[in-house]
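Chemist: Sharing a structure here in structure tokens format.
Any read-out appearing in this document is the output of simple, stated calculations on the displayed coordinates, not a laboratory observation. Keep in mind that this is a model prediction, so the values were computed, not measured. A quick note on method: Cβ atoms are made from the backbone with ideal geometry, for glycine too, and the neighbour counts reach across all protein chains shown.
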Amino acid sequence: MSSAPTIETDRLILRPHEASDLDPFWNFFQSDRSRYVAKPDSFSQMWTGLMAEIGSWEVFGWGGLAIETKDGEFAGQVCISQPPHFPELELGWIVFDGFESLGFAFEAASAMRDYAFEILEVPTLVSYIDQKNRRSIALAKRMGAALDPDAPTYDAMDLVYRHLPDSSGPGLEAYA
């Protein structure tokens, strides 16, 4: 049993990862959609990374959650993470092919951000975004994050967008 929460939104279920998530993740990393994120060199390395997202819930109280539609389709991942090379706690997202332009990334990332602020009581989050990733930059701005040019980053190609607590979140009843 995982200590990871399940978070429901109007159209999505953010759930703990399952073994069946491995192949879709690998397929994502083999596609052009992953061009703006660090890619694993092998299936084993991807497996290790996903297991770290899962295990982080047990050790740190945060990690990755699968984005699933209410129809049961696996659409991507949203996470709160800070691996050793990240200067700060990050809010990150991945949306699989076929699920973009539907508002799922906004809905999932907003719910995870609100969970971090309301439940975990973190004071701030950042999103490290490749400067060429216009869609993720637009999403961060739509969520109310602001470019923080003074924030440290681990990758010179990344911009840092800072998220601050927002009282307009869904409220604690959305978290199971």
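Chemist: Between the range 1-29 and the range 120-160, what's the alpha-carbon centroid distance in Å?
Modeler: A separation of 23 Å, based on Cα centres.
Chemist: Here are some values of Cα extents along the principal axes in Å: [x] 39, 36, 34; [y] 52, 41, 33; [z] 63, 52, 22. Which one was computed from this structure?
Modeler: [x]
Chemist: Lys/Arg Cβ at +1, Asp/Glu Cβ at -1, dipole of the range 7-174 taken about the Cα centre: which of 47, 34, 72 is farthest positive-ward?
Modeler: 34
Chemist: How much length, in nm to one decimal, is gained on full extension between residue 2 and residue 35, taken as 0.36 nm per residue of separation minus their Cα-Cα distance? Don't skip to the answer; put the middle values down first.
Modeler: Values: separation 33, 0.36 × 33 = 11.88 nm, distance 3.05 nm.
That works out to 8.8 nm of additional length.
Chemist: So, one more: Can you run phi through the Karplus equation (6.51, -1.76, 1.60; θ = phi - 60°) for the range 37-52 and list ³J(HN,Hα) in whole Hz, with x for Gly and Pro?
Modeler: In residue order, the calculated couplings are 10, 5, 9, x, 7, 8, 4, 4, 5, 5, 4, 4, x, 5, 5, 5 Hz.
Chemist: Between beta-carbons, use under 13 Å as the cut-off and find the net charge around residue 85, counting Lys and Arg +1, Asp and Glu -1.
Modeler: -4
Chemist: Calculated FRET efficiency, residue 85 and residue 142, Cβ-Cβ r, R0 35 Å, to nearest 0.05?
Modeler: 0.80
Chemist: Ok, one more. With r as the distance between the Cβ atoms of residue 44 and residue 157 and R0 = 30 Å, compute the FRET efficiency 1/(1 + (r/R0)^6) and round to 0.05.
Modeler: 0.70
Chemist: Computed FRET efficiency, Cβ-Cβ of residue 27 and residue 134, R0 25 Å: what is it to the nearest 0.05?
Modeler: 0.60
Chemist: Is it possible to state the helix-based mean residue ellipticity at 222 nm for the chain, with each DSSP H run of 4+ residues giving -39500 (n - 2.57), the sum divided by total residues, to the nearest 500 deg cm²/dmol? What is it?
Modeler: Values: 4 runs with 50 residues, N = 176.
Here the helix-only value at 222 nm equals -9000 deg cm²/dmol.
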